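First up is the structure itself, then whatever we jot down about it.
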Amino acid sequence: MKNSEIDWSTLGFGYVPTDYNVRCYYRDGKWGEIEISSSETIEMHIAATALHYGQEIFEGLKAFRGKDGKVRVFRPEENARRIRESARGIKMAEIPEELFIKMVKLVIKLNERFIPPYGSGASLYIRPLEIGMTAQVGVKPAKEYCFIILVSPVGPYFKAGFKPTNICIMRDYDRVAPKGTGRWKVGGNYAASLSAGEHAHELGYSAVLYLDPKEKKYLDECGPANFYAIKGNTYITPASDSILPSITNMSLMDLARDFGMTVEQRHIPVEEIPTFDEAAACGTAAVCSPVGEIHDLDSGEKFVIAKDGKPGPVTTRFYNTLSAIRLGEIEDTHGWNMILDL
Ligand SMILES: *Cc1c(COP(=O)(O)O)cnc(C)c1O
């Protein structure tokens, strides 16, 4: 398959085979040489800790072909930092930043023909993951780890246009425990959220707006994305130990300050929902996904956020600005892009 044979416009968010992935093994207390692989499978022991005790962490970031033809990766050093924190969180070997960045650059270079062209709206999704490899039946951290980065071209998130969707609050499910693994990007958190997510999808919602798992009083996150609300000139996002620190959210807080807004990172009680002018989920996949209505399935209350059914002005500005920075269309004043001259 040549670059020109991929129909970028019909790409979804799914796995598309590419030419190579890169791997590195941690053995005898150190990381080895980077390996280039064209295999889509791995060989692992049937008693590996990743399979039995969930020693698996991952990351997600994107590379874009910019207006000037250069390839930009959005804040990879933040993903490098976060995967180290996740590793520390569940007792896995920490990947040095240099190794992480070197492997990100290499895997992009090796799969250059899968980077969607500028203007297609598509991008190259980069998925780093680390797994515990040591064979053991007793519950303890592995001694050996495998770090892999695979890539897949993905289509534009908003195929049907940038439109608000409805989300719901369901108190019968928690994604993570208080003081649990919510602040790390652990595969197990996703397993724990599948049943709530599928239930919400069956009811026609795009995601679950989780409440804090301890008191169920405050807003936490929105499925696999962070949550923010706009009230007048203020950007509000939850402060919580049970949510994942989103790099997109962190960037939007900076943009909000650039726009002269006040940023508040604090507890957001459920009762505050009716005062929101705008609300959105945010993450690498969508940048911002505007919220139309929030339905509380326990009380039966329905809060209409996007009163005219359209994305609000601040969310639209965030989306356009962050998209333009990632594509090199406007100046990257914060120095967020890592630019590759391929
Ligand atoms: C990855 C992830 C996010 C979004 O983080 P970004 O760095 O913005 O992509 C939010 N919440 C959860 C639970 C996640 O796993």
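The values are calculated or read from the model by the stated rules, or taken from the named source; none is laboratory data. In this text, all values refer to a predicted model and were calculated from it rather than measured experimentally. Heads up, the Cβs are rebuilt from the backbone with ideal geometry, glycines too, and the neighbour counts pull from every protein chain shown. Just the protein is used for accessible areas: all its heavy atoms, side chains included, with ligands, DNA and RNA removed. Shrake-Rupley method; radii C 1.70, N 1.55, O 1.52, S 1.80 Å.
For the condition open to solvent by 60 Å² or more (accessible area, probe 1.4 Å), touching a Phe, Trp or Tyr at 6+ places or on another chain (Cβ under 8 Å) and within 26 Å of TYR319 (Cα to Cα), ARG127 qualifies. Looking only at residues of the stretch 228-257 that are of a type in the set (Gly, Ala, Ser) and on the phi < 0 side of the Ramachandran plot, we find that the one that is surrounded by the most Cβ atoms within 10 Å (Cβ to Cβ) is SER240. The number of residues in the stretch 305-322 that are within 26 Å of the chain's Cα centre (by Cα) and open to solvent by 70 Å² or more (accessible area, probe 1.4 Å) comes to 4. Please tell me if ALA279 is away from the ligand (no atom under 16 Å from the Cβ) and farther than 24 Å from GLU77 by Cβ. When the stated conditions are applied, ALA279 does not pass them.
With respect to the conditions (1) touching an Asp or Glu at 6+ places or on another chain (Cβ under 7 Å); (2) within 14 Å of the ligand (Cβ to nearest atom), LEU211 falls short on a single one, namely (2). If you filter the stretch 218-235 down to residues that are in a strand (DSSP E or B) and of a type in the set (S, T, N, Q), you find that the one that is nearest to the ligand (Cβ to nearest atom) is ASN226. Of all residues in the stretch 297-319, those being touching a residue at least 24 places away in the same chain (Cβ under 8 Å) and among the charged types (D, E, K, R) number 3.
Taken over the stretch 320-331, the criterion of being assigned to a loop (DSSP other than H, G, I, E, B) and free of Cβ contacts under 8 Å to residues at least 40 places away in the same chain is satisfied by ILE330, GLU331.
The condition of being at pLDDT below 95 and either closer than 25 Å to ALA93 by Cα or open to solvent by 20 Å² or more (accessible area, probe 1.4 Å) (or both) does not hold for PHE147. When you look at GLY161, is it buried (at least 21 other Cβ atoms within 10 Å of the Cβ) and at pLDDT below 95, yes or no? No, not satisfied. With respect to being touching a residue at least 12 places away in the same chain (Cβ under 8 Å) and within 13 Å of the ligand (Cβ to nearest atom), SER195 falls outside the description. Contact map, the stretch 236-253: residues that are closer than 17 Å to VAL314 by Cβ and part of a helix (DSSP H, G or I) paired with residues that are more than 7 Å from the ligand (Cβ to nearest atom) and open to solvent by 20 Å² or more (accessible area, probe 1.4 Å), Cβ distance under 6 Å, separation 6+ or inter-chain. Pairs shown: MET253/VAL263.
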